[in-house]
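Worksheet: the structure to be examined is printed underneath.
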Amino acid sequence: MAATTVSGNDDIMFNGTIGLFQVNSSDDMVVCYAPSMITTNGVWRGENPLDYAMPLFILQIILIILTTRILVVIIKPFRQPKVISEILGGVILGPSVLGRITKFGDMVFPLRSILALETMANVGLLYFLFLIGVEMDITVIKRSGRKAIFIALVGMAFPFVIAAAMSFLLYDNNTDVSRASYLLFMGVAVSVTAFPVLARILVDLKLLNSEIGKTAMSAAVINDMGAWILLAVAIALAENRSSPLPSIFMVISATVFVLFCIFVIRPGIAWIISQTPEGENYSDFHICIILTLVMICSFTTDAIGIHSVFGAFVFGLVIPNGPLGNALIDKLEDFISALLLPLFFAVNGVRTDVNKIANGQNAVYLLIMIVLASAAKVFGTVVIAVVHEMQVREGFALGLLMNTRGLVELIVLNVGRDQKVLDDQEFTILVLMTVVITAVITPAIIAIYKPARSFIPYKRRTIQRSKADAELRLLVCVHTPRNVPTIVNLLEASNPTMRSPICAYVLHLVELAGRASTMLIVHGSHKSTGTTTNRTQAQSDHIFNAFENFAQHAENVIVQPLTAISPYSTMHEDICCLAEDKRVAFIIIPFHKQQSVDGGMVATNPALHTVNQNLLANAPCSVGVLIDRGLGNPAKVAATHVSHQIAVLYFGGPDDREALAYAWRMAEQPGIHLTVLRFIPSKDAAPLPMDTNDDGILTVDTSNDREKQLDDEYINEFRMKIAGDESIEYIEKLLRNGEETVAAIRSMDPIHDLYIVGRGQGFVSPLTAGLTDWSECPELGAIGDVLASSDFAATVSVLVVQQYIGTGLQDGITTPNNADGIMKQTSFRMPFKGEDEAHETNWNS
């Protein structure tokens, strides 16, 4: 027989070798059970599976997961975080709802099963906190501005003061719990911000990459670190009520443990990383060592007297950023988050019993404290936001976000309940208020904060409209070092002069994995002085050194290196925000396919395809997608003499005019030979097909006539200014259909090393009709797709250009995340020089 002590006043019952009896007049109960009763011999032998530990545990997991998943579906339209459904699921299964049915409680959640359930729940909690530590980038504290630091500090201080004041009304003088310990637990419980829940709310609201989102994430990291420190102190005070010496020893031991993790364990993990060749997966042996260390660290802090989750969290923090963190998250996250973590929330629900709310006066005081603390956090955040020149509405939204509750608060409440600092009534009210406050945040943010995309008022969003005697600002996106040589040669060919220098913002795009918050890192001019800490940093150094080397040898070129670390799904937002912030006229981004050894085009990462589509749909300026097949001699990226043969394939429309404007700038540089081939429909060309609207009525796109007029004016201006320039050749070809167009392109002289073409948005030509029916990459347009295809017999790089035409989705491109909102642009026009910057757009959904 074995026994365990639990709390409760349930009636005495006996069932075979399982029994429950009251020890004394207190609430302590002893549950006796037979350790051998793990698995059943089967119902055919007359045994009830629920009398055995394993079948009962499996049934509990099934009920918990089914309940939480059903609640996820129910509350999904209200855009609630998953933690809400998990806590509510536990409350429903607990004594507050279904547990009121005595037969259900005794059969599904008997007291004898709580020990196994809580043990597994805490194992899941350990590994989840470890993953949170891995995801959390502690260096964000160094990078955080004063605004985020003050918001975090004020967001903790104001609620803490409210809790400290109200604790004098709530504190029971008859208890042996110290007032300081009670104050600390209450203060931490109402002042903490749930970092993981906040991150998921920001992602759902598409605010993660906004200024308010980045500030909230930075402040939440600082807040979380402060909460963990205060929790450790609170536990130390709670467990040693008689003498202060044990508390002091616990704090010193915890400090030694943290230092040991930083200066001993972290270098050991770095050694494991160094033993794994670049590009290879980490061995199962190394992963097993790390997972075992999680348990060792948890055991250590539990033995010290600090909660075991503290050790797992600190160990996660010291895991270096990079592929190792990615590998750990990939292996553990789904299993931990989907299966084990819901057990922790279910245990909280089982512990939450509304029947325990008996003292009405204390309950009212507690509710007042929670409301005042939340309001104080909002007020303090608004004050700091206004001081830092944010709008009051933004400060209010930021204050609401900082009130996000979740896992960390539940850990605080559970520790407080286990240490008997909090009674059942206080625990129940605080858990329920956690659900209410977190549930209110998302709808409140949606109601009061509607971030309209604020375009910075600058006019030079295209190369065509850029001044000839002004600086040309380019944003160059790079995924890998393989993209560097061709882009460097393209910049060199872009004719940087003293009259019109080039400022290139080089953005290394890195997928966010292993960390929870996006970041934009601005690099200063540097030389690599030693070994780098991870492969991402090594790649960034290699890329930026190449561009800085180019800038040092080239004239009239300024390079600013940056790194953007974000998920592929929101990477385009970082690019767009940076382009707008830097007032960029043209973005260059690599094509998602690269040339293989046999000359074909192979997709290296399908997610980059989505990044390009999103960027084309949302870019605040013109965009060029670079299909890289080499451009010039990579060994001479810093040469002062440039020699290129460039061809522009001109069919008409704003994109082709932008392509010609860029090529025209290039042609002004000595050593560049430009050929402009204008393809014109012949008189016997196939007529354009007529469209029908939803009512079946034929419609005619009259924008083509206007575009042809703009094309003729621009081409005439171009031909007048290049008259007598032997480096520029202009050719017109009369064709009838798309088949002749493809044949004409294939028959071009193979001397060219770069084609520049427009994407063809907003312009319909009989010469491209039918070419998009079998296109692999429709975002490149008809001609761009032909030139990018693997069967195009050429080794010529291609730049597919899209001109910025105004706010909103570009024609023919929808973001993959918003495929339902497809919009078709039927007419538009760009303003003439001298006109107002405003544009006219007619949208037909």
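The values are calculated or read from the model by the stated rules, or taken from the named source; none is laboratory data. Quick caveat, the model's predicted, so the values are computed rather than measured. Note: ideal-geometry Cβ built from the backbone for every residue, glycine included; neighbour counts use all protein chains shown. Surface accessibility is based on the protein's heavy atoms, side chains included, excluding ligands, DNA and RNA. Shrake-Rupley method; radii C 1.70, N 1.55, O 1.52, S 1.80 Å.
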Checklist entry - Taking H as built 1.01 Å from N, whose amide H comes closer than 5 Å to the amide H of GLN560, not counting residues under 5 places away? => result ALA504, TYR505, VAL506
Checklist entry - Largest first, what is the accessible-area ranking of MET107, MET390, MET498 with a 1.4 Å probe? => result MET498, MET107, MET390
Next on the checklist: Can you list residues from other chains, or at least 5 along the same chain, whose modelled amide H is less than 5 Å from the amide H of ARG461?
Outcome noted: none
Item to check | Cβ crowding within 10 Å averaged over residues, with 126-139, 376-389, 257-270 ranked highest first | outcome: 126-139, 376-389, 257-270
Item to check | Per-residue ³J(HN,Hα) for region 417-431, Karplus 6.51 cos²θ - 1.76 cosθ + 1.60, θ = phi - 60°, Hz, x for Gly and Pro | outcome: 5, 4, 7, 6, 6, 10, 8, 4, 5, 5, 4, 5, 5, 5, 5
Checklist entry - Using a 1.4 angstrom probe and counting only protein chains, how large is the accessible area of TYR182 in Å², to 10? => result 10 Å²
Checklist outcome for this item: For region 604-610, Karplus-derived ³J(HN,Hα) couplings (6.51, -1.76, 1.60; θ = phi - 60°; whole Hz; x for glycine and proline) come out as 7, 8, x, 5, 5, 4, 5
Checklist entry - If you roll a 1.4 Å probe over region 278-415 with all protein chains in place, what percent of the accessible area is carbon or sulfur? => result 64 percent
Checklist outcome for this item: With all protein chains present and a 1.4 Å probe, the order of ILE92, ILE70 from largest accessible area down is ILE70, ILE92
Checklist entry - Which whole-number percent gives the relative contact order of region 149-224, counting Cα pairs below 8 Å spaced six or more residues apart? => result 42 percent
Checklist outcome for this item: With a 1.4 angstrom probe the carbon and sulfur portion of accessible area for region 59-184, in percent, totals 71 percent
Checklist outcome for this item: Expressed in angstrom and rounded, the centroid-to-centroid distance over alpha carbons for region 276-346 and region 165-208 is 26 Å
Item to check | Within-15-Å neighbourhood charge of GLN669 [Cβ basis; K, R +1; D, E -1] | outcome: -4
Checklist entry - For MET120, what accessible area in Å² do you get when you roll a 1.4 Å probe over the heavy atoms of the protein chains, rounding to the nearest 10? => result 70 Å²
Checklist entry - Among 584-591, 41-48, 541-548, how do they line up from the highest to the lowest mean number of other beta-carbon atoms within 10 Å? => result 584-591, 541-548, 41-48
Checklist entry - What does the charge dipole of region 385-484 about its Cα centre add up to, to the nearest 20 debye, if the Cβ of each Lys and Arg holds +1 and the Cβ of each Asp and Glu holds -1? => result 1060 debye
Next on the checklist: For region 128-203, what does the accessible surface come to per residue with a 1.4 Å probe? Please give it in Å².
Outcome noted: 37 Å²
Item to check | Sorted peptide list for 412-420, 79-87, 657-665, criterion being average Cβ within 10 angstrom, highest first | outcome: 657-665, 79-87, 412-420
Checklist entry - For the charge dipole of region 360-518, defined by +1 on Lys and Arg C-beta atoms and -1 on Asp and Glu C-beta atoms about the Cα centroid, which residue among HIS479, SER466, MET390 has the Cα displaced farthest towards the positive pole? => result SER466
Checklist entry - Between rounded, prolate and oblate, where does region 201-312 land on the alpha carbon gyration tensor, with a ≥ b ≥ c its root eigenvalues, rounded for a/c under 1.5, else prolate if a/b exceeds b/c? => result oblate
Checklist entry - Can you list the HN-Hα couplings for region 564-578, worked out from phi with the Karplus curve (6.51, -1.76, 1.60; θ = phi - 60°), rounded to whole Hz and with x for Gly and Pro? => result 10, 10, 7, x, 4, 5, 10, 4, 5, 5, 4, 5, 5, 4, 5
